[in-house]
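A short write-up of the structure that comes next.
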C-alpha cells in the first residue's frame, strides 16, 4: 500500500512538473516570441515604443509620453507647453535610481487644494501667454491647460490650448503669428476614424517642427 502511494505521488508530481515545463515554454518563450515577431512585422514603430526623431535622426522622445520644456525650473516661453503634470511623483523607496512615478492627484472635485491648483495654473497661463496687443482672457483658457491627465504624462493638448500659445511662441521666436498658427493646424490630429476621441496636438512633434522653423530663419517663415 505504501509503495502504491509513493508511486502515485511520484506520478502526480512528475505530471505537474511536465505541465509546468510545457506551459513555461509555451507562455513564457514561444508566445512572447510570436507576439514580438508579429508586432515587429506589422507595427514596428509602435512595437519599438513609438519613438520620435528630430531632423538629424536623433531619437528625442516617444509619441506616447509627454515632456516638459523648462528653463531654470520654469516653463520656457519659446516652446509650446504641455498639460500640467501634478500627478507625477518621484521614487521615494528605492532611491538608487532616479525614477519618475506616473499617476493622478486623486483629489476630489471639491478639494480646496485642487481648486487652488487650477486657479493658480489659470493665472499663470493668462500671464505667460498674454502679449502686447493680444491679452488672454480667463474664458480663453481650456480645461486641459490647468488640469493634469490621469497619468500625468499625456503627450497631447487640445487645439484650443495650442492656439492660445501661438502669439507667445511667435513673439518669443520672432516668427509671424500666421506661420506659427499654420504650424499648429498642420500638427492637429482629428478624431480616430472620424468619431473616436477628440482632436489633439502632440506637443513634442509640434515643438520639433517649431525648432526646424526657427532654424530655417525669417526667410522661410513668411
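The values are calculated or read from the model by the stated rules, or taken from the named source; none is laboratory data. None of the values given here were measured: they were computed from a predicted structure. All Cβ positions, even for glycine, are placed from backbone atoms using ideal geometry, and neighbour counts span all protein chains on display.
Some points to look at:
- Every pair of residues 6+ apart whose Cβ atoms lie under 8 Å, when the first sits in region 166-188 and is under 13 Å from residue 209 (Cα atoms) while the second is at pLDDT 95 or above and assigned to a strand (DSSP E or B): 184/201; 187/201; 187/202; 188/200; 188/201
- Scanning region 13-69 for residues that are surrounded by 10 or more Cβ atoms within 10 Å (Cβ to Cβ) and on the phi > 0 side of the Ramachandran plot yields 49, 50, 61.
- Looking only at region 152-189, residues that are under 16 Å from the mean Cα position of the chain (by Cα), assigned to a helix (DSSP H, G or I) and crowded, with 22+ Cβ neighbours inside 10 Å come to 2 in all.
- Scanning region 33-51 for residues that are at pLDDT 90 or above and either under 27 Å from residue 100 (Cα atoms) or within 19 Å of the chain's Cα centre (by Cα) (or both) yields a single hit, 36.
- Qualifying residue in region 102-109 (condition: part of a strand (DSSP E or B), free of Cβ contacts under 8 Å to residues at least 40 places away in the same chain and either in the same structural domain as residue 175 (by TED's automatic domain parsing) or out of contact with any helix residue (DSSP H, G or I) (no Cβ under 8 Å at 6 or more places or on another chain) (or both)): no
- If you go through region 191-207 and keep only what is touching a helix residue (DSSP H, G or I) at 6+ places or on another chain (Cβ under 6 Å) and either in a loop (DSSP other than H, G, I, E, B) or at positive phi (or both), you end up with just 199.
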